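Participant: The structure follows.
The values are calculated or read from the model by the stated rules, or taken from the named source; none is laboratory data. Predicted, not measured: the structure shown is a model, and the values here were computed from it. Here Cβ is always computed from backbone atoms with ideal geometry, including for glycine, and neighbour counts include all displayed protein chains.
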Amino acid sequence: MTISLWLLDIACMRLIRLAAVTAAAAAGALLVAGCNPASLQISLPAATTPVPASSATTGPATGTPQPVASASAPQIPISVESDSQMIAAGNNGPSSSILLPTSCRQTGTTITAEGTYTNGGFVPNVYNRYGDVIVLYVFAAPSPGYAEGMQLGASDVSNSPVLGSPAPWQVSVSISASGGVPAQCVVAAQPTHDGQFAP
């Protein structure tokens, strides 16, 4: 009789310890009433209940909620500076149409654009003769006095990739947190007239 009570106490203590660990991991409250398994109750917060598959995945057999993946960096619309926009900005170099951007994302105050090239990646030597680099411009939404949006930033030429460097290319710019909300990214082939790779 003493042995069976002792075994019951051990079983009860293990159940209480297991319940305490489970409740602590879920940041819930442990409510224990009595000392048998039927009277052991655990209160879990609502956040641990399964949620739709669109926001969380469940384990293969247990249905246990898995950690939700962190949201990816916000995508910003991106385009290539047109020939008319280049001329208006005083950019008389070769067309920017050689650029094929694939994404522009914001992480904190850094905006990063990525892409490749048209024509299967072939970049004519004329871009090298001008010493073209890929420049990223970031604009806010259109507002009175700023039909195309106020410019929030432009990548520094010294930190911009050379046009013709292996794809995919990547270019970044930091913007002021108080400057405005980025609404549009524009990439352009910007001549430096360095004459690198000139024949």
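Participant: Do we have A73 as surrounded by 14 or more Cβ atoms within 10 Å (Cβ to Cβ), modelled with pLDDT under 80 and either among the basic types (K, R) or part of a loop (DSSP other than H, G, I, E, B) (or both) here?
Facilitator: Judged against the criteria, A73 is a match.
Participant: Tell me whether the stretch 91-107 contains one or more residues that are touching a residue at least 12 places away in the same chain (Cβ under 8 Å), basic (K, R) and closer than 23 Å to P74 by Cβ.
Facilitator: Going through the stretch 91-107, the residues touching a residue at least 12 places away in the same chain (Cβ under 8 Å) turn out to be 91-107.
From what's left, basic (K, R): 105.
Subsequent filtering for residues that are closer than 23 Å to P74 by Cβ retains 105.
Yes, the conditions are met somewhere in the stretch 91-107.
Participant: Those residues that are part of a strand (DSSP E or B) and either of a type in the set (F, W, Y) or surrounded by fewer than 20 Cβ atoms within 10 Å (Cβ to Cβ) (or both), I need them from the stretch 81-102; list them, please.
Facilitator: L100, T102
Participant: Identify, by number, the condition in (1) touching a strand residue (DSSP E or B) at 6+ places or on another chain (Cβ under 9 Å); (2) modelled with pLDDT under 95; (3) β-branched (V, I, T) that V126 doesn't meet.
Facilitator: Result: V126 passes all but (1).
Participant: Any residue at all in the stretch 181-197 that is part of a strand (DSSP E or B) and more than 19 Å from F139 (Cβ to Cβ)?
Facilitator: No, there is no match, as no residue in the stretch 181-197 is part of a strand (DSSP E or B) and more than 19 Å from F139 (Cβ to Cβ).
Participant: Also, I was wondering about something else. Go through (1) within 18 Å of the chain's Cα centre (by Cα); (2) surrounded by fewer than 18 Cβ atoms within 10 Å (Cβ to Cβ); (3) farther than 21 Å from S95 by Cα for P182 and report which single condition fails.
Facilitator: (2)
Participant: Could you tell me whether the stretch 179-187 includes any residue that is closer than 21 Å to S84 by Cα and in contact with a Leu (Cβ under 6 Å, 6 or more places away or on another chain)?
Facilitator: Within the stretch 179-187, one or more residues are closer than 21 Å to S84 by Cα and in contact with a Leu (Cβ under 6 Å, 6 or more places away or on another chain).
Participant: Report every pair of residues separated by at least 6 positions or lying on different chains whose Cβ atoms are under 8 Å apart, first residue within the stretch 109-131 and free of Cβ contacts under 8 Å to residues at least 24 places away in the same chain, second surrounded by 13 or more Cβ atoms within 10 Å (Cβ to Cβ).
Facilitator: T118/S97; T118/I98; T118/L99; T118/L100; N119/I98
Participant: Every residue in the stretch 116-162 that is polar (S, T, N, Q), surrounded by fewer than 17 Cβ atoms within 10 Å (Cβ to Cβ) and under 19 Å from P191 (Cα atoms), please. Explain how you work it out, then say what you get.
Facilitator: Of all residues in the stretch 116-162, those polar (S, T, N, Q) come to 116, 118-119, 125, 128, 143, 151, 155, 158-160.
Subsequent filtering for residues that are surrounded by fewer than 17 Cβ atoms within 10 Å (Cβ to Cβ) retains 116, 118-119, 125, 143, 151, 158-159.
T116, T118, N125, S158, N159 - these are the residues of the stretch 116-162 that are polar (S, T, N, Q), surrounded by fewer than 17 Cβ atoms within 10 Å (Cβ to Cβ) and under 19 Å from P191 (Cα atoms).
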